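Novice: Just dropping this structure here.
The values are calculated or read from the model by the stated rules, or taken from the named source; none is laboratory data. Because the structure is predicted, anything quoted here is derived from the model rather than measured. Every residue, glycine among them, receives a Cβ derived from its backbone with ideal geometry; neighbour counts consider all protein chains shown.
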């Protein structure tokens, strides 16, 4: 699973553009993962949007993850679901998921990371690492020290999200993140594809000492 550049769709941040259009442009810029995140859209419409993004990610060879909604993820044949600490428990999602279904989990402490891994998560995300205005429920940033602590107790792929951009991605990778998830740094720009490509290049540059083939 490649998690270098993980894009979380948001129509409000995306200057009024649709989830599908934002996903298409981000994939053109080299996004490895697209997560559909919309807490207000009715279920039937959300399923339709998810199905559209599923087709795009298949064509691009990228992963498609649905935020929160295990039912929508399964119905749209997404690669997986991303769960927060207040969502369906990872163990319960794993119980009903088919083989190979990816389950990600947001964590804020090393203890939560260990619990998520024990319960069957496939990857974990520190949320948020820096303060962000893209998510109303994000809370204060946990910082690089927490990222390092989580890295020290978990071997799962580790994604950092929250306030990350091209200018600060290098220390995030150096602290142990396998990839970064962003919203405004890419979707809040006029040229989403170029912003995604620039950020992906910055991630690769930060990884080159460890992964020369990046």
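Novice: From 153, 114, 192, 172, which residue is touching a strand residue (DSSP E or B) at 6+ places or on another chain (Cβ under 6 Å) and at negative phi?
Specialist: Answer to the check: 172.
Novice: Working carefully through the options 164, 129, 124, find the one that is under 19 Å from residue 80 (Cβ atoms), surrounded by 19 or more Cβ atoms within 10 Å (Cβ to Cβ) and modelled with pLDDT of 95 or more.
Specialist: 124
Novice: In this structure, does residue 169 turn out to be touching a residue at least 60 places away in the same chain (Cβ under 8 Å) and crowded, with 23+ Cβ neighbours inside 10 Å?
Specialist: no
Novice: Can I ask one more? For region 69-111, give me each residue that is more than 20 Å from residue 155 (Cα to Cα) and exposed (fewer than 15 other Cβ atoms within 10 Å of the Cβ).
Specialist: Result: 77, 86, 92, 95, 96, 98, 99.
Novice: Got at least one residue in region 68-80 being touching a residue at least 60 places away in the same chain (Cβ under 8 Å), touching a helix residue (DSSP H, G or I) at 6+ places or on another chain (Cβ under 8 Å) and part of a helix (DSSP H, G or I)?
Specialist: no
Novice: If a residue must be within 14 Å of the chain's Cα centre (by Cα) and part of a loop (DSSP other than H, G, I, E, B), how many such residues does region 36-67 contain?
Specialist: 3
Novice: Which of the residues belonging to region 116-133 are within 16 Å of the chain's Cα centre (by Cα), in a loop (DSSP other than H, G, I, E, B) and over 17 Å from residue 93 (Cα atoms)?
Specialist: 127, 128, 129, 130, 132
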